[in-house]
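Computed from the coordinates by the stated procedures, all read-outs in this text should not be read as laboratory data. Since the model is a prediction, treat every value here as computed from it, not as a measurement. FYI the Cβ positions are ideal-geometry reconstructions off the backbone, even for glycines, and counts take in every protein chain you see.
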Amino acid sequence: MASIAIPTVDLTPFTSPSSASETQLQAAKQLVQACHSLGFVKITGHGFTKEEVDHAFAWSNRLFDLALEDKMKAPHPAGPVPHRGYSAIGVEKIYSREDVGDYAGSEKKGEEEERLRGVRDYKESYEIGSEQDDQMPNIWLPDDVLPGFRSEMTLLYERLAGVGRMVLGAIGVGLELGPEEMDELMKFSSASHSQLRLLHYPAIGKEKLETELLSRLPAHNDWSAFTMLIQDSNGGLELRDPSSQEFVRAVPEEGALILNIGDMLQRFTNDYFISALHRVSVPNPDSVPSSGIPARYSIPFFVNPPPSLDIATLPRFVTAEMPVKYEPVRYEDYSALVSKYQYQYQGGKE
């Protein structure tokens, strides 16, 4: 599989107080161009330090190293809402709307969903939100199971929420929005309704790959405004190139966050931005060494609007040549609809 040169944009002009507006505009335009042409971009100069990255992964490792019975003391409910707490290996099943969308409203749709559920997602996860989110309250481990976890994850959530808001502002600068348009854009970043996710993809032995139907994270779009991803050096993320329609590797770059556009900004910009289809795949067993494939850890942060926000296309993106493509929709309604496709819960096993 080929790799793609995802653009890297340095956002130091937005995190350095001495930066001139001209340098901010230059960086912001590079950011917007990547969101337009690819839907993916690597960002540096975001202010989230290597020490903070290492600290976050250390806590993630401590969490997933716990015994299953301890992790299950904060279980994710059997359904997509509230999307909080721990999901064991094979419990959560994700697939894209494209997988079943052609069969909507038909008996074939149910058959296709059943076929897809037969392929286990070999990962475990822990979902965290704001302590101020009254619609999706957090589900925490007892303090004696992992002392300090709740306070550390609360701080990590708040830190990444701040980074996300800075990035959204930079997007607005790059689009050269007016004051009222910028106000509309900034509503897409809610400090109380975004989501932090800790992900662990366990190592998989060659024999298991040869004898079981497994996936890691099937192809899907995010329905956030955008997502910022911290991935370890093992990488594994793949994205679909809009030009070739082929999946290509997103090679990790130390110090860079990977940003991918979600459905909300695609709708807001009338498809000027691309909601990027992406996945973490399992390689063909024939190409895997006898040692199998290594474990992978990642930390995505989903920048979300508030549930009550009506998502409508900004008028500047509507022209005679490009009529509006999307009807306004309330974010909570869209989330409820899409989560029924992307999240299915079933019994897990190691």
- Hey, can you tell me all the residues within segment 1-41 that are assigned to a loop (DSSP other than H, G, I, E, B) and polar (S, T, N, Q)? Ser16, Ser18, Ser19
- Query: With respect to Gln195, is the statement that it is in contact with a helix residue (DSSP H, G or I) (Cβ under 9 Å, 6 or more places away or on another chain) and loosely packed, with under 14 Cβ neighbours inside 10 Å true?
  - Reply: no
- Message: Going through Val280, Val303, Val329 one at a time, which residue ends up being surrounded by 19 or more Cβ atoms within 10 Å (Cβ to Cβ), more than 30 Å from Ile204 (Cα to Cα) and in contact with a strand residue (DSSP E or B) (Cβ under 7 Å, 6 or more places away or on another chain)?
- Response: Val303
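Condition check: closer than 28 Å to Phe57 by Cα, crowded, with 17+ Cβ neighbours inside 10 Å, without any contact (Cβ under 8 Å) to a residue 60 or more places away in the chain and among the charged types (D, E, K, R). Does Arg240 satisfy that? Don't jump to the end; show me each part of the working.
Numbers: closer than 28 Å to Phe57 by Cα: yes; crowded, with 17+ Cβ neighbours inside 10 Å: yes; without any contact (Cβ under 8 Å) to a residue 60 or more places away in the chain: yes; among the charged types (D, E, K, R): yes.
Criteria met by Arg240.
Just to be sure before I move on: is Gly178 surrounded by fewer than 17 Cβ atoms within 10 Å (Cβ to Cβ) and out of contact with any Asp or Glu (no Cβ under 9 Å at 6 or more places or on another chain) in the structure I sent? Lay out the reasoning, then the answer.
On the way: surrounded by fewer than 17 Cβ atoms within 10 Å (Cβ to Cβ): yes; out of contact with any Asp or Glu (no Cβ under 9 Å at 6 or more places or on another chain): yes.
Criteria met by Gly178.
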- Message: The conditions are (1) over 30 Å from Phe273 (Cα atoms); (2) of a type outside the set (Ser, Thr, Tyr); (3) assigned to a strand (DSSP E or B), and Glu127 fails exactly one of them. Which is it?
- Response: (1)
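Does Gly262 count as on the phi > 0 side of the Ramachandran plot and not acidic (Asp, Glu)? I'd like the intermediate steps shown before the answer.
Values: on the phi > 0 side of the Ramachandran plot: no; not acidic (Asp, Glu): yes.
No, not satisfied.
Of all residues in segment 123-132, count the ones that are surrounded by fewer than 20 Cβ atoms within 10 Å (Cβ to Cβ) and in contact (Cβ under 8 Å) with a residue 24 or more places away in the chain.
1
One line per residue, one yes/no per condition, for (1) buried (at least 19 other Cβ atoms within 10 Å of the Cβ); (2) touching a strand residue (DSSP E or B) at 6+ places or on another chain (Cβ under 7 Å); (3) within 23 Å of Ser298 (Cβ to Cβ); (4) not charged (D, E, K, R):
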| site | (1), (2), (3), (4) |
| --- | --- |
| Ile6 | yes, yes, yes, yes |
| Ala20 | no, no, no, yes |
| Gln24 | yes, no, no, yes |
| Leu31 | yes, yes, yes, yes |
| Phe40 | yes, yes, yes, yes |
| His46 | yes, yes, yes, yes |
- What residue, of Ala320, Ala295, is of a type outside the set (D, E, K, R), closer than 21 Å to Ser87 by Cα and surrounded by fewer than 16 Cβ atoms within 10 Å (Cβ to Cβ)? Ala295
- Message: So, in segment 232-258, exactly how many residues are farther than 20 Å from Cys35 by Cβ and among the hydroxyl-bearing types (Ser, Thr, Tyr)?
- Response: 1
- Task: Could you figure out which of (1) part of a helix (DSSP H, G or I); (2) within 23 Å of Leu277 (Cα to Cα); (3) of a type in the set (Lys, Arg) isn't true of Arg62?
- Result: (2)
- Query: Counting just the residues of segment 246-277 that are more than 30 Å from Lys325 (Cβ to Cβ) and among the small types (Gly, Ala, Ser), which one comes out surrounded by the most Cβ atoms within 10 Å (Cβ to Cβ)?
  - Reply: Ala256
